[in-house]
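Engineer: A single structure is presented below for examination.
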């Protein structure tokens, strides 16, 4: 499951709720304004909760740098800085909109998103070719690692481990060797797919067919095309 599988609106809403109630120096915090902001965020979180059925989100706010000397502020606005996502270890911005002196600071936070995914049923050495018996499902923190967690057994079965994993460790894309559907030189089936049609032909693979990586194929007419391996000796061309 990829990070963006969790509705960003829900994660951001819960994140802002935690930030809105995070500890700030008393001189920089207005209780009434914080309560209003927290209620607004709660409402947004409730409206956004339906798409996230089955997922549990927790937000842990860190601490501001104790060396900061912030001026009194009557209205503090939390926001997500450009380029940052409400996923795993990240940070939010806090800016003073109404006060004697405007200020802008960053607060470290950790967003944990719990959901069902595949884990190792037992300790497995590097090089193990996974079978159904090696897998079980458990609740994990999907946001604990940038790599996508595996949720479908078919994504893992038949692939080998790049390193040893311990029992109960979650299985992610970066732990598995890419599946090779065919070798260079093999005859492959080309499937050209366009709006409302598909055309099949044969060709010879110039490069190995690794899952998720483009492959070059020489057609029967001698033309070289690039497509994506999608199965055993099968390449798809998007037109």
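All of the numbers you see were taken from the coordinates with simple rules; none came from a lab. Just so it is clear, the structure is predicted and the values come from calculations on it, not from any experiment. Using ideal geometry, Cβ is built from the backbone for each residue, glycine included, and neighbour counts are taken over all protein chains shown.
Engineer: Determine, for 219, 110, 187, the number of other Cβ atoms within 10 Å of each Cβ, and report the residues in order from fewest to most. Please report the intermediate quantities before stating the final value.
Structural biologist: On the way: 219 14, 110 19, 187 11.
Taking fewest neighbouring Cβ atoms as first place, the list is 187, 219, 110.
Engineer: Is the range 147-239 rounded, prolate or oblate when judged by the Cα gyration tensor, a ≥ b ≥ c being the square roots of its eigenvalues, rounded requiring a/c under 1.5 and prolate requiring a/b larger than b/c?
Structural biologist: Values: a/c = 3.31, a/b = 2.10, b/c = 1.58.
Taking the square roots of the gyration eigenvalues as a ≥ b ≥ c, the range 147-239 is prolate.
Engineer: Please list log₁₀ I(q)/I(0) at q = 0.27 Å⁻¹ for the range 114-175, using the Debye equation with identical point scatterers on the alpha-carbon positions.
Structural biologist: -1.25
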